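Asks: Submitted below is the structure of interest, expressed as structure tokens.
Only the coordinates and a few stated rules stand behind these numbers; no lab work does. Keep in mind it's a predicted model, so treat the numbers as computed, not measured. No Cβ is skipped: glycine too gets one built from the backbone with ideal geometry, and neighbour counts run over all protein chains shown.
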Amino acid sequence: MIRAVRREPAAAILATVAAAVLALILVYPLASVLREAVVSEKGVLDASPVVRVLTNPVSRQILLNTLVMGALAGVLGTSLGLAFALATTRAVRGPARTAMHFVALLPLIAPPFALALSTIFLFGRNGLVTRQLLGLEISPYGLGGLLFVQTITFFPVAYLIFDALVRQLDPALEEAALDLGASRGRILRTVTLPLLRPGLAGAFLIIFVESLADLANPLIIGGDFNVLASSVYLAIIGEFDTRKAVGFAVVLLLPSLVAFFAQRIWVGEDSVVTVTGKPSTGRVGLIEPALRWPLLAITVGTGVVVLALYGTVVAGAFTKLLGIDNTVTLDNFRFVLQGIGTKAMTDTTLLSALAAPIAGVTGLLVAYLVVRTQIRGRAIYDYVLMLGAAAPGIALGLGLLLAFNHPPLRWSGATAAFGGALVFIVAFVVRTAPVSLRGCVAALLQIDPALEHASANLGASTPTTFRRITLPLMRRAVLSGVIFSFTRNMTTLSTIALLVSPSWRIMTGQILNEIDAQRLGSGAAYSTILIAIVVVAIVALQRLFGHTAIEVAA
Amino acid sequence: MRRATSILAIATLVLSACGGASAPGPPTASAAAGGGATATGCGPKGSGSLVILGTPQEEYIQGVTKAFQTECGINTTYVRLSSGEALAKLKADKASPQFSVWWGGPADGFIAANNDGLLEPYQPKGFERIPTQYRDAKGVWTGIYVGALGVALNTKVLKDKNLPEPSSWADLVKPAYKGQISIAHPASSGTSYTFVATQMFLNNKDIEKGFAYLKQFHQNVLQYQKTGAAPARQAGQGEVAIGVVFSHDIVAAIEEGFKDLKIMFPSEGTGYEIGGMALVKGAPDPVAAKTFMDWAITVKAQELGPQFKAYQLPTNPDAKVSDKSVKLDKVKTVNYDFQWAGDNKKAIVDRFSNEVAPQPR
């Protein structure tokens, strides 16, 4: 009883501050989108932008395209991720496994355009492989090319989910089936895959959401295949028609939010499979040769494609005009670094590094609020912060643009405070704090409250207990959140694509400019620099804090 | 309660961290702000920092703002937006403008902006030296460069595909070139709007006939780009055979190494742009803006282009013309009515967005 009284003031203050912050940086921008969608310039209720998207045949086709793309990317990405997880755990071991694991994670750190760019270089109409090597006439512009790039980009998410699941499967179940005389194919079908089912749904829904939110790839190789995210972008860029843009954005928000929260409910709270502590024999090779070889063919083939795509980005950066004039040169780097590139590098790294700890701590505080306090309606905090991850980046970016473009909250644009830096930091934090939240919630659930109770019983106040007991135990989770945030901030495009500032240059925005102008060489140079910064940062942080940073990047 | 504040402190610290640490604000090079100003006779500096909305190639804007900063000691930053994008942005910011000068992009866009009340007339020093056809009589906009619309042909791709080299606008709608044309979208790109307006002028401003052509043309377009100059490089890369783009951008692409490219001027006559420059109404810093505009039409500023692969023709008759520039009198041009093109820009672009671009192919 005494404890409860002592806890409440701190919790109440934390809850109030958190509510104010979340309202300002998340609810207000998203509400601005909704408001713009249902209130006309004259201030009367008028939802015509949304109605138009749903009734106009052209927009309806765009909506249909978006859903088809999301569903197919979800199926393809999930299948490939599953194949990789089965291959790394059941078909190879030793260094081969490590290599395969590494290749499967590589696309996670790709800047948004890098893979689409090299797809055009390699498999474009004048592509090195398709046209110049095989003499084929294939056009990647459209749904096919889009799905190719999205599958490669998003399958690692599914891989990480399945990898965790497959590793936690108790081999005893499979062994029992084997002992009972079932064939290995039958075991896979009737034992292994059913055990992976929660992962299937989860991976599909996450990739579906990511695919819907993808902006860069539809812009580069979408061709005529228009989707909602790029329609939002083009409505602002070409016409600055905010009413038109919010129409697309609201229609995009709906399936994204539904799929995202369906996935949360489906998978349940953060404990997909709990560690049982029972000894696991970890026997590998429970797979028939008839299955092993196709599996290896798919995964090794994909691995080769991933490496080729990355290699092409680097090659494109170091050649004059890849495929046209393959002279090795540093001109692209010179162009980038002597131009706005150096500034973009330092600006982006600085803002990302500033936002990362803020995102980490935001996640931590909200997690604490949700798991450890008795504040009424605490679950709402969780759901609201998760909106930052669930809402497509372009819808969020549009919200930030609408919300922070007018006095007194003029945080965006040339005349804004700090030259518009605030809005970028808000964008980064909103987008990545949810991941820190999930990590911290999971960590908190694993810490026995008895530890904290003991501290409290010995007379420590809640803040002291939090600082001396809880925080040290959660160091890992917070750090993971910070590292993830930094990586994501560096490579995100859709959230910041609509926010321009003459004072702060964001690398992904600059890459978009280069690719818009079809200066593919400097786009590749920018991407190479960006990949290098991210890799160096991950390695450095890993050295500093000593745990596998890249694992958390999902 | 005292301890309770520590959590609050963490939370506020987190929030203020973003403010405090980024307070240095625009870290633009200010070292150049030293001497220059008096030596070259630049005008007053105003607040000493200027934000430009630029429309030409980024390399060019960057070079020009840097040169201006060095010479006149005014910190100058820019945002690059395509013509339609820039117009949209100015309109959206009308209540509290962020930019002081809009520099570059076809005059049609400036006329449309003026019709929306977004510009403030200003006649920069030396205004009368600019030929009358290259400036607005009242100084609403002043021409800074001129360039003809051209067609970039990738001779290698055409040969590989056994396609004849097109030589007219009429050729470009032949079914043989299906999926082989790249052009920007006229909503975002001034280049592309120049093309669209050119088709209107070829049909004596008969919008119906013009659109009939555009609908046929659309059938051959691979994908609409955002930026006007992009199609030159896309054709250079061999992704398409044909790019419709300003001829100076084709020159730049060839210069960059796309050696299979060739410039074609359609036999019916082609359109051209006068790259404009204007003071934004309600500019945050009109004084520095005027200093910039005065400087921008000096011989020195006008001769900067080729350094940054911008091969437009200068409007200042005293400025030296690069031999790589396409002289306008060597090209058959249409009777391009900028006022008409500017006045009808919104209607035509809207119609294009609604009737042409979404057509199935």
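Asks: Using a 10 Å cut-off on Cβ to Cβ distances, tally the other chain neighbours for every residue of A:95-102 and report the average as a whole number.
Replies: 0
Asks: May I pose another question? Provide the gained length on full extension for the span B:ALA212 to B:ASN115, in nm with one decimal, where the gain is 0.36 nm per separating residue minus the Cα-Cα distance.
Replies: 32.2 nm
Asks: If you count, for every residue in B:315-322, the Cβ atoms of partner chains within 10 Å of its Cβ, what is the mean?
Replies: Per-residue shielding by partner chains comes out at 0.
Asks: Let me ask another. Could you work out the mean projected area of the convex hull around the alpha carbons of the protein assembly as shown, in square nanometres to one decimal?
Replies: Dividing the Cα hull surface by four gives the mean projection, 39.7 nm².
Asks: Find the relative contact order for region B:74-149 and round it to a whole percent, using C-alpha pairs within less than 8 Å whose residues are 6+ positions apart.
Replies: Relative contact order comes out at 26 percent.
Asks: Given H placed 1.01 Å from N in the peptide plane, which residues other than close sequence neighbours of B:PHE246 have an amide H under 5 Å from its amide H?
Replies: The answer is B:GLY150.
Asks: Beyond 18 Å between alpha-carbons counts as too far, so tell me which of B:LYS125/B:LYS327; B:LYS205/B:LYS327; B:LYS138/B:LYS290; B:LYS45/B:LYS138; B:LYS226/B:LYS332; B:LYS91/B:LYS125 fall in that bin.
Replies: B:LYS125/B:LYS327; B:LYS205/B:LYS327; B:LYS45/B:LYS138; B:LYS226/B:LYS332; B:LYS91/B:LYS125
Asks: In addition: Taking the Cα centre of the protein assembly as shown as origin and charging only Cβ (+1 Lys, Arg; -1 Asp, Glu), how large is the dipole, in debye to the nearest 20?
Replies: Computed charge dipole of the protein assembly as shown: roughly 1760 debye.
Asks: Now, a different point. With an 8 Å Cα cut-off and a minimum separation of 6 or more residues, compute the relative contact order for chain B in percent.
Replies: It comes to 25 percent, rounded to a whole number.
Asks: If r is the Cβ-Cβ distance from B:SER167 to A:GLU175 and R0 is 56 Å, what FRET efficiency results, to the nearest 0.05?
Replies: 0.15
Asks: By the scheme Lys and Arg +1, Asp and Glu -1, what is the net charge of all other residues having a beta-carbon under 10 Å from that of A:LEU219?
Replies: -1
Asks: Now, a different point. Local charge sum around B:ALA107 (other residues, Cβ-Cβ under 10 Å, Lys/Arg +1, Asp/Glu -1)?
Replies: Net of charged neighbours comes to -2.
Asks: Check cross-link reach from B:LYS259 to the lysines: straight Cα distance under 19 Å, and skip same-chain residues fewer than eight apart.
Replies: Here the lysines satisfying the reach criterion relative to B:LYS259 are A:LYS320, B:LYS156, B:LYS159, B:LYS161, B:LYS309, B:LYS324.
Asks: While we're on this one: Relative contact order of region B:208-326, please, whole-number percent, based on alpha carbon pairs below 8 angstrom and at least 6 residues apart.
Replies: Across region B:208-326, relative contact order equals 19 percent.
Asks: Helix-only estimate, please: 222 nm mean residue ellipticity of the protein assembly as shown, summing -39500 (n - 2.57) across DSSP H runs of length 4 or more and dividing by its residues, to the nearest 500.
Replies: About -18000 deg cm²/dmol.
Asks: Per residue and in cubic angstrom, what volume does the convex hull of the Cα atoms of region A:361-491 have?
Replies: About 131 Å³ per residue, rounded to a whole number.
Asks: Where Lys and Arg each count +1 and Asp and Glu each count -1, what net charge lies around A:LEU322 among other residues with Cβ under 13 Å from its Cβ?
Replies: Within the 13 Å Cβ shell, the charges total -1.
Asks: Now a separate question. In region B:257-280, which residues have a backbone nitrogen under 13 Å from the label point lying 7 Å from B:THR155's Cα in the Cα-to-Cβ direction?
Replies: B:259-264
Asks: Now, a different point. Across peptide B:181-191, how many C-beta atoms of other chains are within 10 Å of each residue C-beta, on average?
Replies: Mean partner shielding for this stretch: 2.
Asks: Please compute the length gained on full extension between B:LYS125 and B:LYS91, using 0.36 nm multiplied by the number of residues separating them and subtracting their Cα-Cα distance.
Replies: Taking B:LYS125 through B:LYS91 to full extension adds about 9.5 nm, to one decimal.
Asks: Assuming R0 = 45 Å, can you tell me the calculated FRET efficiency for the pair B:LYS259 and B:LYS205, based on Cβ-Cβ distance, to the nearest 0.05?
Replies: About 0.70, to the nearest 0.05.
Asks: Between A:ILE380 and A:ASP448, 0.36 nm times their residue separation minus their Cα-Cα distance comes to what?
Replies: Full-extension gain reported as 22.1 nm.
Asks: For the charge dipole of region A:330-477, defined by +1 on Lys and Arg C-beta atoms and -1 on Asp and Glu C-beta atoms about the Cα centroid, which residue among A:TRP411, A:VAL361, A:MET386 has the Cα displaced farthest towards the positive pole?
Replies: Of the options given, the answer is A:VAL361.
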